[in-house]
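Input: a single structure, listed below in structure tokens.
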Amino acid sequence: MTLIKSISGIRGTIGGQVGENLTPIDAVKFAAAYGVWIKQQRQKENYRIVVGRDARISGEMIQNLVMNTLVGLGIHVVDLGLSTTPTVEIAVPMEHADGGIILTASHNPKQWNALKLLNHKGEFLNAANGEQILNIAEADLMTFSDVDSLGKITKNDAYIDLHIDAVLDLPLVNKEAIAKAKFKVVVDGVNSTGGIAIPLLLERLGVHAVKLYCEPTGHFPHNPEPLKEHLTDISNLVVKERADFGIVVDPDVDRLAFISEDGEMFGEEYTLVACADYVLSNTPGNTVSNMSSTRALRDVSEKYDQTYEASAVGEVNVVELMKKNNAIIGGEGNGGIIYPESHYGRDSLVGVALFLSMLADKKIAVSTLRDSYPSYFMSKNKIQLTPSLDVDAILEAMELRYANEQITTVDGVKIDFPDNWVHLRKSNTEPIIRIYTEAKSQTEADNLASKIMDEIKTIANI
């Protein structure tokens with residue numbers, strides 16, 4: 001069982017010992033630390049925080065603990081109930097709130113949950129902010145309100161509809177062309193809130209949605225990370241239904257993957273590539289993704305004579321570089337689309353609407369669209385960490401080993417070879433070292449990953 005405290009929020013497994021897992025005590029402690037930080041930052045009379053959750057089994061318990069802790073600090077809570085990460089992000093500025101909390105462990109299995117923390121703009125906290133909250137929690141610097149100064153909870157279940165309204169109002173979302181195309185799409189909502197939001201969006205766009213695992217029970221029917229090996233059911237159903245394509249989201253709906261009409265993966269890495277292609281064809285500008293993402297976004301950007309740059313891994317780092325470079329679209333290769341015209345956060349609803357607009361415009365099959373992009377293949381692997389492993393020493397050793405290659409150490413160690421690359425980094429959300437490789441064939445990517453993992457194991461003596 002695990003509890004991970006980082007700038008990404010507080011993430012852990014439900015049950016077990018206090019301080020070692022995400023127990024009720026830990027949920028209260030870190031919600032209180034966040035509430036105190038909000039009050040320190042905003043320095044005003046009244047405070048308001050938006051709270052929403054995915055459909056995890058533990059979600060209602062954790063949400064009640066978090067909301068009532070904020071009430072105890074004199075903070076007014078807007079309770080979105082079942083929601084999505086991007087919905088909470090857009091609700092924060094709409095509510096003129098001081099921050100937001102999303103209760104979700106993203107792609108992690110059902111025993112996990114987390115507090116993902118937002119600032120008053122509805123954006124994830126930076127490293128300095130996260131460190132301040134951790135310090136408040138560790139020092140127990142929480143003072144609660146007296147009985148006459150308690151906050152209150154207001155329920156608002158309108159925000160998924162308001163989110164969809166905002167998506168449909170985006171200038172590049174071609175509602176008329178999408179409705180005219182009469183698309184048929186299969187949706188895998190992994191029995192979480194994507195099963196609510198995505199079909200509603202499709203209905204508003206005039207798309208026929210075939211629902212698969214769209215009941216928000218929190219009982220994930222497969223591993224919730226939208227990778228090929230977990231998506232056999234939807235691949236088969238797309239073919240059986242003769243659908244135009246399939247849509248897969250993770251439990252909190254900030255990661256998006258497509259299935260082509262032939263049942264093959266469009267490629268999670270290519271979600272951003274396709275959406276960027278469509279946006280750049282209409283509104284040229286710069287692009288950003290993280291350094292673990294495919295080179296194909298760079299290639300598409302250069303096709304339009306635009307500039308691409310890579311950030312450190314993590315949504316907050318992508319957003320920071322996007323703002324610095326005035327990027328018009330960006331995101332992460334895990335299927336995360338960040339479109340500033342909407343908001344600075346990964347948003348599957350925005351991604352679906354842009355992708356449908358592109359298909360309606362091009363009038364081609366999804367597999368044909370995929371074939372139009374440069375072909376790169378990724379291998380994503382991980383090595384489980386133990387307390388005895390010195391990750392920094394391992395990364396330094398790999399950096400020295402490949403000192404003659406192009407090395408980037410902004411985030412772990414990335415080694416760029418002429419025809420492929422490898423990125424090694426310690427995860428912010430799990431006790432693992434991630435090893436990502438990309439090459440021009442799957443065999444080459446897998447072989448490079450295997451070679452690098454063997455070298456790490458030799459260095460670490462494991």
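Here, each number is a calculation from the coordinates, and none is a lab measurement. None of these values were measured; they are calculated from a predicted model. Backbone-built Cβ (ideal geometry, glycine too); neighbour counts: all protein chains shown.
Per-residue ellipticity at 222 nm computed for the chain from its helices equals -12000 deg cm²/dmol, with DSSP H segments shorter than 4 residues left out and the rest contributing -39,500 (n - 2.57).
Straight-line reach from LYS155: taking Cα to Cα under 18 Å and skipping same-chain neighbours fewer than 8 places apart, the aspartates and glutamates in range are ASP54, GLU60, ASP79, GLU89, GLU95, ASP98.
Using the alpha-carbon positions of segment 3-157, Rg (one decimal) and Dmax (whole number) come out as 13.9, 41 Å. So, in Å, what gap is there between the alpha-carbon centers of segment 281-335 and segment 85-152? So the two Cα centres are separated by 27 Å. Measuring between their Cα centroids, segment 31-75 and segment 210-235 lie 30 Å from each other.
In summary, the convex hull built on the alpha carbon positions of the chain has an orientation-averaged projected area of 21.1 nm².
Taking trypsin sites (Lys or Arg not before Pro) as exposed when their DSSP state is a loop state and no more than 11 other Cβ atoms lie within 10 Å, the longest site-free interval of the chain runs over 243-362. Here each label is just a point 7 Å from Cα along the line to Cβ, and for ASP419 and ALA365 those points are 3.0 nm apart. The C-alpha radius of gyration of segment 288-353, expressed as a fraction of 2.2 N^0.38 Å, stands at 0.99.
In the chain, the DSSP beta bridges split such that about 55 percent are antiparallel, to the nearest 5.
In the calculated pair-distance distribution of segment 208-282, the portion above 15 angstrom amounts to 57 percent of the Cα-Cα pairs.
Each Lys or Arg adds one and each Asp or Glu subtracts one; over the other residues with Cβ under 15 Å from the Cβ of ILE57, this totals -1. Fraction of C-alpha pairs exceeding 23 angstrom in segment 377-460: 14 percent, rounded to a whole number.
Counting only residues at least eight positions apart within a chain, or on another chain, the aspartates and glutamates with an alpha carbon under 16 Å from that of LYS363 are GLU176, ASP244, GLU261, ASP277, ASP371. Kirkwood hydrodynamic radius of segment 222-372, from the reciprocal of the average inverse Cα-Cα distance over all distinct pairs: 15.3 Å. Legend: distances between Cα atoms for LYS5/LYS211; LYS184/LYS382; LYS152/LYS175; LYS44/LYS152; LYS175/LYS211; LYS324/LYS426; pairs beyond 28 Å are LYS5/LYS211; LYS184/LYS382; LYS152/LYS175.
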